[in-house]
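What follows is a set of notes on a single structure, which appears directly below.
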Amino acid sequence: MQHKLIVLLLVTLVVIVGCANPDKKLSSDKTNQQPLTDIERGRYMVKDMGCNDCHTPDYMVKRGNIPEEDWLIGSTLGFRGSLGTTYPTNLRLLLNNISEEEWVALAKQMREGSPMTWVMLRKASDQDLRAVYAYVKYLGPKGVPAPNLLPPEVKPTTQYIDNPGPH
(Lines give C-alpha, C1' and ligand atoms only; values in the text may rest on other atoms or scores of the structure.)
Protein backbone atom coordinates (compact mmCIF):
# COMPACT_ATOMS: atom_id res chain seq x y z
CA MET A 1 0.00 0.00 0.00
CA GLN A 2 2.83 2.41 0.87
CA HIS A 3 4.49 1.69 -2.51
CA LYS A 4 1.23 2.56 -4.30
CA LEU A 5 0.98 5.84 -2.34
CA ILE A 6 4.53 6.76 -3.30
CA VAL A 7 3.86 5.95 -6.97
CA LEU A 8 0.63 8.00 -6.85
CA LEU A 9 2.48 10.94 -5.32
CA LEU A 10 5.21 10.69 -7.95
CA VAL A 11 2.67 10.61 -10.79
CA THR A 12 0.93 13.66 -9.28
CA LEU A 13 4.28 15.46 -9.10
CA VAL A 14 5.04 14.64 -12.73
CA VAL A 15 1.68 16.09 -13.80
CA ILE A 16 2.12 19.23 -11.70
CA VAL A 17 5.68 19.86 -12.86
CA GLY A 18 4.75 19.05 -16.44
CA CYS A 19 2.13 21.79 -16.32
CA ALA A 20 4.50 24.34 -14.80
CA ASN A 21 5.93 27.08 -16.97
CA PRO A 22 9.73 26.65 -16.80
CA ASP A 23 10.21 30.04 -18.46
CA LYS A 24 8.34 31.81 -15.67
CA LYS A 25 10.53 34.50 -14.16
CA LEU A 26 10.39 35.96 -10.69
CA SER A 27 9.39 39.60 -10.91
CA SER A 28 10.59 42.09 -8.35
CA ASP A 29 9.87 45.29 -10.26
CA LYS A 30 6.51 46.22 -8.73
CA THR A 31 6.53 49.83 -7.58
CA ASN A 32 6.09 49.29 -3.82
CA GLN A 33 7.92 46.00 -3.56
CA GLN A 34 11.49 45.74 -2.28
CA PRO A 35 13.85 43.67 -4.42
CA LEU A 36 14.42 40.18 -3.06
CA THR A 37 17.76 39.31 -1.56
CA ASP A 38 19.67 36.44 -3.18
CA ILE A 39 18.71 34.20 -0.25
CA GLU A 40 15.01 35.08 -0.53
CA ARG A 41 15.11 34.62 -4.30
CA GLY A 42 16.92 31.29 -3.86
CA ARG A 43 14.28 30.10 -1.37
CA TYR A 44 11.58 31.09 -3.86
CA MET A 45 13.33 29.27 -6.73
CA VAL A 46 13.81 26.09 -4.65
CA LYS A 47 10.09 26.08 -3.89
CA ASP A 48 8.99 27.09 -7.42
CA MET A 49 11.14 24.49 -9.18
CA GLY A 50 9.99 21.73 -6.80
CA CYS A 51 13.49 20.87 -5.51
CA ASN A 52 12.10 19.79 -2.14
CA ASP A 53 9.75 17.26 -3.73
CA CYS A 54 12.63 14.82 -4.16
CA HIS A 55 15.62 16.30 -2.32
CA THR A 56 13.79 16.66 1.03
CA PRO A 57 12.66 13.35 2.59
CA ASP A 58 8.88 13.07 3.09
CA TYR A 59 8.27 16.59 1.72
CA MET A 60 5.43 15.45 -0.55
CA VAL A 61 3.99 12.99 1.94
CA LYS A 62 3.79 15.74 4.58
CA ARG A 63 2.57 18.30 2.03
CA GLY A 64 5.54 20.55 2.54
CA ASN A 65 5.22 20.58 6.32
CA ILE A 66 8.95 19.99 6.87
CA PRO A 67 11.06 22.50 8.82
CA GLU A 68 13.23 24.57 6.50
CA GLU A 69 16.35 23.50 8.37
CA ASP A 70 15.69 19.94 7.07
CA TRP A 71 15.28 20.89 3.40
CA LEU A 72 17.47 19.55 0.58
CA ILE A 73 19.35 16.86 2.53
CA GLY A 74 18.87 14.20 -0.15
CA SER A 75 17.09 10.89 0.12
CA THR A 76 17.60 7.15 0.12
CA LEU A 77 14.42 6.62 -1.94
CA GLY A 78 15.75 5.36 -5.26
CA PHE A 79 14.36 6.01 -8.70
CA ARG A 80 15.00 2.91 -10.84
CA GLY A 81 14.86 3.24 -14.60
CA SER A 82 16.75 2.34 -17.76
CA LEU A 83 19.89 4.16 -16.57
CA GLY A 84 19.92 2.34 -13.23
CA THR A 85 18.85 3.55 -9.81
CA THR A 86 19.48 7.18 -8.93
CA TYR A 87 19.04 8.90 -5.59
CA PRO A 88 18.21 12.56 -4.89
CA THR A 89 21.49 14.28 -4.09
CA ASN A 90 22.09 15.97 -0.75
CA LEU A 91 22.25 19.48 -2.19
CA ARG A 92 23.33 20.91 1.18
CA LEU A 93 26.56 18.90 1.01
CA LEU A 94 27.08 19.23 -2.74
CA LEU A 95 26.73 23.01 -2.97
CA ASN A 96 28.81 23.56 0.15
CA ASN A 97 31.67 21.66 -1.52
CA ILE A 98 31.69 23.34 -4.94
CA SER A 99 32.06 26.93 -6.10
CA GLU A 100 29.21 29.04 -7.40
CA GLU A 101 30.70 28.82 -10.91
CA GLU A 102 30.88 25.01 -10.68
CA TRP A 103 27.22 24.93 -9.55
CA VAL A 104 26.04 27.09 -12.46
CA ALA A 105 27.98 24.90 -14.93
CA LEU A 106 26.63 21.68 -13.36
CA ALA A 107 23.03 22.93 -13.39
CA LYS A 108 23.32 23.94 -17.05
CA GLN A 109 24.50 20.46 -18.11
CA MET A 110 21.94 18.28 -16.31
CA ARG A 111 21.34 15.19 -18.38
CA GLU A 112 18.31 13.80 -20.14
CA GLY A 113 17.03 10.46 -18.88
CA SER A 114 17.45 11.43 -15.25
CA PRO A 115 14.38 11.72 -13.03
CA MET A 116 15.79 15.17 -12.20
CA THR A 117 13.96 18.29 -13.39
CA TRP A 118 16.91 18.95 -15.65
CA VAL A 119 14.85 21.00 -18.11
CA MET A 120 14.02 23.60 -15.50
CA LEU A 121 17.61 23.94 -14.30
CA ARG A 122 19.03 24.28 -17.80
CA LYS A 123 16.51 27.01 -18.60
CA ALA A 124 17.00 28.91 -15.34
CA SER A 125 18.89 32.16 -15.61
CA ASP A 126 22.39 32.39 -14.17
CA GLN A 127 20.99 34.91 -11.67
CA ASP A 128 18.39 32.40 -10.47
CA LEU A 129 20.97 29.60 -10.23
CA ARG A 130 23.29 31.88 -8.24
CA ALA A 131 20.39 32.70 -5.92
CA VAL A 132 19.73 28.97 -5.37
CA TYR A 133 23.43 28.57 -4.57
CA ALA A 134 23.31 31.47 -2.08
CA TYR A 135 20.23 30.00 -0.40
CA VAL A 136 21.67 26.50 -0.06
CA LYS A 137 24.94 27.95 1.28
CA TYR A 138 22.83 29.97 3.75
CA LEU A 139 21.18 26.73 4.96
CA GLY A 140 24.63 25.20 5.50
CA PRO A 141 25.79 21.60 5.28
CA LYS A 142 23.63 18.94 6.90
CA GLY A 143 22.98 15.22 6.56
CA VAL A 144 24.84 12.47 4.78
CA PRO A 145 25.56 11.90 1.08
CA ALA A 146 22.87 10.10 -0.90
CA PRO A 147 23.69 6.58 -2.12
CA ASN A 148 25.64 6.30 -5.37
CA LEU A 149 24.03 5.52 -8.71
CA LEU A 150 23.43 1.79 -9.19
CA PRO A 151 23.78 0.21 -12.64
CA PRO A 152 20.57 -1.10 -14.26
CA GLU A 153 21.37 -4.75 -13.49
CA VAL A 154 21.74 -4.12 -9.72
CA LYS A 155 18.59 -4.26 -7.62
CA PRO A 156 18.66 -1.61 -4.88
CA THR A 157 18.54 -2.60 -1.22
CA THR A 158 16.85 0.71 -0.34
CA GLN A 159 13.25 1.62 -1.05
CA TYR A 160 12.79 2.56 -4.71
CA ILE A 161 10.24 3.38 -7.35
CA ASP A 162 10.35 1.48 -10.65
CA ASN A 163 10.60 3.25 -14.00
CA PRO A 164 9.92 6.86 -13.19
CA GLY A 165 9.94 9.08 -16.23
CA PRO A 166 11.80 12.37 -16.10
CA HIS A 167 9.81 15.17 -14.52
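Somewhere in region 100-115, is a residue in contact (Cβ under 8 Å) with a residue 24 or more places away in the chain, out of contact with any helix residue (DSSP H, G or I) (no Cβ under 6 Å at 6 or more places or on another chain) and of a type in the set (A, V, I, L, M, F, W, C)?
No: region 100-115 contains no residue that is in contact (Cβ under 8 Å) with a residue 24 or more places away in the chain, out of contact with any helix residue (DSSP H, G or I) (no Cβ under 6 Å at 6 or more places or on another chain) and of a type in the set (A, V, I, L, M, F, W, C).
Taking the conditions exactly as written (within 16 Å of the chain's Cα centre (by Cα), at pLDDT below 90 and closer than 24 Å to L36 by Cα), does K123 satisfy them or not? Please lay out each step first, then the result.
Values: within 16 Å of the chain's Cα centre (by Cα): yes; at pLDDT below 90: yes; closer than 24 Å to L36 by Cα: yes.
It is true that K123 is within 16 Å of the chain's Cα centre (by Cα), at pLDDT below 90 and closer than 24 Å to L36 by Cα.
Go through region 93-115 and give me each residue that's surrounded by 14 or more Cβ atoms within 10 Å (Cβ to Cβ), at pLDDT 90 or above and part of a helix (DSSP H, G or I).
L93, L94, L95, E100, W103, V104
Under 20 Å from T157 (Cβ atoms) and in contact with a Cys (Cβ under 8 Å, 6 or more places away or on another chain) - does that describe any residue in region 68-75?
So far as region 68-75 goes, yes, one or more of its residues are under 20 Å from T157 (Cβ atoms) and in contact with a Cys (Cβ under 8 Å, 6 or more places away or on another chain).
For region 50-64, name all the residues that are over 21 Å from P141 (Cβ atoms) and either of a type in the set (A, V, I, L, M, F, W, C) or in contact (Cβ under 8 Å) with a residue 60 or more places away in the chain (or both).
G50, M60, V61 - these are the residues of region 50-64 that are over 21 Å from P141 (Cβ atoms) and either of a type in the set (A, V, I, L, M, F, W, C) or in contact (Cβ under 8 Å) with a residue 60 or more places away in the chain (or both).
Identify, from the list K62, K24, K4, K30, the residue that is touching a helix residue (DSSP H, G or I) at 6+ places or on another chain (Cβ under 9 Å) and modelled with pLDDT under 90.
On the way: K62 fails: touching a helix residue (DSSP H, G or I) at 6+ places or on another chain (Cβ under 9 Å); K4 fails: touching a helix residue (DSSP H, G or I) at 6+ places or on another chain (Cβ under 9 Å); K30 fails: touching a helix residue (DSSP H, G or I) at 6+ places or on another chain (Cβ under 9 Å).
The match here is K24.
Filter region 67-92 for residues that are buried (at least 17 other Cβ atoms within 10 Å of the Cβ), at pLDDT below 95 and among the aliphatic types (A, V, I, L, M) and give the result.
The answer is L77, and nothing else.
List the residue pairs whose Cβ atoms are under 6 Å apart, where the first residue sits in region 126-143 and is under 13 Å from T37 (Cα atoms), the second is among the small types (G, A, S), and the two are 6 or more positions apart or on different chains.
A131/G42; V132/G42; A134/G42; Y135/G42
Could you tell me which residue of region 129-154 is nearest to R41 (Cα to Cα), considering only residues that are crowded, with 19+ Cβ neighbours inside 10 Å and of a type in the set (S, T, Y)?
Here the residue is Y135.
The values are calculated or read from the model by the stated rules, or taken from the named source; none is laboratory data. Everything quoted here is computed from the prediction, not taken from an experiment. Here Cβ is always computed from backbone atoms with ideal geometry, including for glycine, and neighbour counts include all displayed protein chains.
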